[in-house]
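Take a look at the structure below.
Every number here is computed from the coordinates shown, using simple stated rules; none is lab data. Because the structure is a prediction, the values reported are computed rather than measured. Note that we place each Cβ from the backbone using ideal geometry, even for glycine, and neighbour counts take in every protein chain shown.
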Amino acid sequence: MSTTSPEFKRFSFNSFLLLGVDENFPEWSSAKVGIANLGLNVRPTDQLRISGTWNYEFYNRRTDGTRVLTRNVPRVRVEYQVTRQVFVRIIGEVARLQQDSLRDDSRTNLPVYFRGSNGTLTRAAAFDRLRGRLDFLFSYLPTPGTVVYFGYGNTPRADRPGGTRDLQPNRDVFFAKLSYLFRLR
């Protein structure tokens, strides 16, 4: 089921919901699946645009209804056109992935093991991971056809999350780009 609003002057929204039975790929058995997506776009002024999305999905075992996997990803994007030449964008996202200890749900109910590159077997244990993403972009248009971009990205993570306060810096990325349009006369 999905809904989409018209593009109003100051906002729009959309939603999607899917419930059914599909493959539980981690355990390679059948599962009850749910996928939900929500989106909201707000334009309070001609210069400011804010959009938010929320993606959620779950996989439950058909045999006993227990949760195998949950993915939850809220995301916010804010764009501001300071002047005709200056533009700023910030994007923030927090993704949480929770997985139960895997088992052979369709046949034996025994635990699932993975074989490592050195031949050792490791149980597919439960985990709870939190990943963040924060991106900043600054662009400057000094003359038509020339654009300068500066950006920064940060990807914090937490393997045993107690909330966003547990996120630790993992990777930082800086970039600069100059784009110039050559004109042939």
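At-a-glance table
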item	result
Among Gly151, Phe127, Gln168 - extreme Cα towards positive end, dipole of region 120-185, charges at beta-carbon	Gly151
Approximate shape of region 77-142 as ellipsoid semi-axes (Cα gyration tensor, √5λ), whole Å, largest first	48, 14, 8
Test item: Cα-centred dipole of region 47-156, Lys/Arg +1 and Asp/Glu -1 on Cβ, debye	80
Interchain or long-range residues, amide H under 5 Å from Val112's placed H	Leu102, Arg103, Asp104, Ala124
Highest-MSF residue in the chain out of Leu19, Leu134, Leu110 [GNM, Cα springs under 10 Å]	Leu110
For the chain, alpha-carbon Rg relative to the globular expectation (2.2 N^0.38 Å, N residues)	1.39
Phi to ³J(HN,Hα) by Karplus 6.51 cos²θ - 1.76 cosθ + 1.60 over region 4-12, Hz, x for Gly, Pro	9, 7, x, 7, 6, 4, 10, 6, 7
